[in-house]
Amino acid sequence: MRAEFIDISTAHAPFEVKGLPYRPRRTVGDRLLEALITLGETQASLLSHNQKPWASVTFTGSRHEVLLDFEGPDAVAAGERLIAALPDHEFAIPGQLVADATVSEVTHNQLPCPRMVVTCVLLLLEDQ
């Protein structure tokens with residue numbers, strides 16, 4: 001048996017397309033997460049994000065469940081403002097319409113430091 005070492009500094013370097021550095025395309029989920037973090041005043045940490053396809057007779061889209069963690073008194077206050085603003089917030093996600101945005105669960109702890117975990121459920125429809 002023989003082992004060969006691979007120089008990973010060149011094997012996994014970002015490649016270029018027509019002389020420009022390659023940037024991966026942002027998905028709908030990426031844009032939604034960015035909007036939620038911004039709505040939470042960039043005080044939230046992402047714990048998880050689950051995305052499932054969704055369809056009815058007339059619409060197609062996706063259902064997203066996002067868990068956000070707010071640690072510290074200022075972050076918890078920002079999380080409370082996110083909870084108040086989420087149902088009526090107008091998202092600007094290209095090609096998508098946010099049909100429903102709700103907070104399904106909130107876990108709030110005071111000790112050892114203030115911490116709040118918010119579960120958001122959003123239904124996005126493809127804008128046709």
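The values are calculated or read from the model by the stated rules, or taken from the named source; none is laboratory data. Remember, it's a predicted structure, so these values are computed and weren't measured experimentally. A quick note on method: Cβ atoms are made from the backbone with ideal geometry, for glycine too, and the neighbour counts reach across all protein chains shown.
Details
- Any helices (runs of 4 or more DSSP H) falling wholly within the range 1-97 and containing at least 3 residues that are at pLDDT 95 or above and more than 29 Å from Met116 (Cα to Cα): none
- Total residues in the range 98-124, condition part of a loop (DSSP other than H, G, I, E, B) and surrounded by fewer than 17 Cβ atoms within 10 Å (Cβ to Cβ): 4
- In the set Glu90, Glu65, only one residue is among the acidic types (Asp, Glu) and more than 16 Å from Thr38 (Cβ to Cβ); that residue is Glu65.
- The residue pairs whose first member lies in the range 91-107 and is in contact (Cβ under 8 Å) with a residue 60 or more places away in the chain, whose second member is acidic (Asp, Glu) and outside any loop (DSSP other than H, G, I, E, B), and whose beta carbons are closer than 7 Å, counting only pairs six or more residues apart or on different chains, are Gly95/Glu126; Gln96/Glu126.
- The lone exception for Val28 - which of (1) in contact with a Ser or Thr (Cβ under 7 Å, 6 or more places away or on another chain); (2) over 20 Å from Leu125 (Cα atoms); (3) of a type in the set (Val, Ile, Thr) it fails: (2)
- The one condition from (1) free of Cβ contacts under 8 Å to residues at least 12 places away in the same chain; (2) touching a strand residue (DSSP E or B) at 6+ places or on another chain (Cβ under 9 Å) that Ala84 does not meet is (2).
- Looking across the range 69-121, the residues that are of a type in the set (A, V, I, L, M) and within 16 Å of the chain's Cα centre (by Cα) come down to Leu82, Ile83, Leu86, Ala92, Ile93, Leu97, Val98, Ala101, Val103, Val117, Val118, Val121.
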